1. Pairs, please: C-beta under 9 Å, at least 6 apart or cross-chain, first residue within 14 Å of ILE25 (Cα to Cα) and in the range 39-55, second part of a strand (DSSP E or B) and of a type in the set (Lys, Arg)?
2. Examine the range 204-211 for a residue that is out of contact with any Gly (no Cβ under 9 Å at 6 or more places or on another chain), among the polar types (S, T, N, Q) and in contact (Cβ under 8 Å) with a residue 60 or more places away in the chain, and state whether such a residue exists.
3. Considering only residues that are in a loop (DSSP other than H, G, I, E, B) and at pLDDT below 95, look in the range 20-60 and name the one that is surrounded by the fewest Cβ atoms within 10 Å (Cβ to Cβ).
4. Go through (1) assigned to a loop (DSSP other than H, G, I, E, B); (2) open to solvent by 40 Å² or more (accessible area, probe 1.4 Å); (3) not acidic (Asp, Glu) for TYR204 and report which single condition fails.
5. Among the strands (runs of 3 or more DSSP E) lying completely within the range 81-192, list those that include at least 1 residues that are modelled with pLDDT under 85.
6. Under the condition of being touching a helix residue (DSSP H, G or I) at 6+ places or on another chain (Cβ under 9 Å) and farther than 16 Å from ASP29 by Cα, which residue from the range 168-181 is surrounded by the fewest Cβ atoms within 10 Å (Cβ to Cβ)?
Amino acid sequence: LLRVQAISRAQPMFDPATSQRRFVIDSSDYVISVLLAEVLKRATSVAPRMEFDLRTRSPQSAELLQSGEIELLITPQFALVPGHPAELLFEDTFSCLVSPGHFSGEIPLSAEQYFGASHIGVEWGGGQRLTYDQRLIAVGKRARRQDVIAPSFTIVPQLLVGTPRIATLPTRLAQQIAAQFPLRVVECPVEIPAFAEHMQWHKYQERDPAVAWLRGLLIEVAQEMQPRAC
């Protein structure tokens, strides 16, 4: 069915201004906040009749890409689905987010303060925890004490404001949150590897002009994203 759809949609002319195509995009709420919000804002003017169904990552994300139920999967490299094309969107680092008026430690943070404090963690995609504790333990450091686990990235500020906890988040999101809440972005006192977000599509949709147009719009917005600065 995907092959038939790919052939039927491979028209020589594609006009986003008149297209009524519906796209399903699977990503984290982090990606929705720092990238897709701007993508959809631009799509409103250049493709006003298109529809976008945004879904958050789940254990079924790979299966949904394989079956063609989603057009684009946006995910870190380690979660890419084998056998399908993918392209780098953007890279990010990690920063710490704290509530200045209630954080008991000094700023900048020391490694001792970081591991001595309580933390807010995030579980996404049906209970997959975004954690780097195993990496820290592997290089001889201690694990963080996470006494609060949030179900999404964007709920973290409400849980963090007014507490002495620390949230370690992707830098772009941490900066965005700090501009909206009374929170402060500080440099992580421990080395945490950077990561990259990729977009992936089904191999049978490689020549679908609508999917190609959407991929181009994502790349355009991603390339214009502001550099990270803690």
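1. Within 9 Å, the pairs are MET50/ARG22; GLU51/ARG22; PHE52/ARG22; ASP53/ARG22.
2. no
3. GLN20
4. With respect to (1) assigned to a loop (DSSP other than H, G, I, E, B); (2) open to solvent by 40 Å² or more (accessible area, probe 1.4 Å); (3) not acidic (Asp, Glu), TYR204 is out only on (1).
5. Of the strands (runs of 3 or more DSSP E) lying wholly inside the range 81-192, those with at least 1 residues that are modelled with pLDDT under 85 span 118-124.
6. GLN180
The values are calculated or read from the model by the stated rules, or taken from the named source; none is laboratory data. Predicted model, so just to flag it, every value in this text is computed and none were measured. Positions of Cβ are backbone-derived with ideal geometry, glycine not excepted, and every protein chain shown enters the neighbour counts. Side chains are part of the model used for accessible areas, which takes the heavy atoms of the whole protein and leaves out ligands, DNA and RNA. Shrake-Rupley method; radii C 1.70, N 1.55, O 1.52, S 1.80 Å.
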